[in-house]
Amino acid sequence: MPDVAADGLHVLFCGINPGLMTAATGHHFARPGNRFWPALHRSGFTPRLLKPAEQEELLSHGLGITNVVARATARADELSAEEYREGGRLLALKVARLRPRWLAVLGVTAYRTAFDDRGAKVGPQKRTIGDTRVWVLPNPSGLNAHWTPTALAEEFARLREAAER
């Protein structure tokens, strides 16, 4: 799954790994129940609700998308801890090369495993990668019932406000 990325982005969003629909379509967060695109819009990152097929428009807003693990699966729980750790290592190299202001990892469990940070919580992290700050966002999957669409958009908005400072 190719990244939507460029040097010096405001925020590089990082999903856990591509789902099967994302892999089939070539568009990030393509599954209809995924709440990434609505949260991005409702939080003020984008002026309108983008469709997954419009993902390249993110670059004009200083935003991008990548994944911790490249392998597509039906569910993130199919990934091994080793895949997460290797993905975290490769992600850190990518971030050091691209130098976004913020890396936003979408999923606290994925972040904890990829970066061996068991105490991480949703929100800004102490960790940096070079000059890039790190923020952990809730996983926007429709399977993550712990976060309502409103709460998800509010957390995305907290990151947007920090990124605008």
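Points worth noting:
- Among the residues of segment 31-49, those identified as assigned to a loop (DSSP other than H, G, I, E, B) and open to solvent by less than 50 Å² (accessible area, probe 1.4 Å) are GLY33, ASN34, ARG35, SER43, GLY44, PHE45, THR46.
- Among the criteria (1) modelled with pLDDT of 95 or more; (2) in contact with a Ser or Thr (Cβ under 9 Å, 6 or more places away or on another chain), the one PRO138 does not fulfil is (2).
- The number of residues in segment 1-30 that are crowded, with 19+ Cβ neighbours inside 10 Å and either in a strand (DSSP E or B) or touching a residue at least 24 places away in the same chain (Cβ under 8 Å) (or both) comes to 17.
- Exactly one residue among VAL134, VAL122 is touching an Asp or Glu at 6+ places or on another chain (Cβ under 8 Å) and of a type in the set (Val, Ile, Thr), and that residue is VAL122.
- Lone qualifier among ALA76, ALA114 - being under 14 Å from the mean Cα position of the chain (by Cα), of a type in the set (A, V, I, L, M) and more than 16 Å from VAL134 (Cα to Cα): ALA76
- So ASN67, is it modelled with pLDDT of 95 or more, among the polar types (S, T, N, Q) and under 25 Å from ALA6 (Cβ atoms): yes
- Those helices (runs of 4 or more DSSP H) of segment 56-165 in which 2 or more residues are open to solvent by 40 Å² or more (accessible area, probe 1.4 Å) and among the aliphatic types (A, V, I, L, M) occupy 81-98.
The values are calculated or read from the model by the stated rules, or taken from the named source; none is laboratory data. Given the structure is predicted, the values throughout are model-derived calculations rather than measurements. Cβ atoms come from the backbone with ideal geometry, glycine included; neighbour counts cover every protein chain shown. In case anyone asks, the SASA skips ligands and DNA or RNA and just uses the protein heavy atoms, side chains included. Shrake-Rupley method; radii C 1.70, N 1.55, O 1.52, S 1.80 Å.
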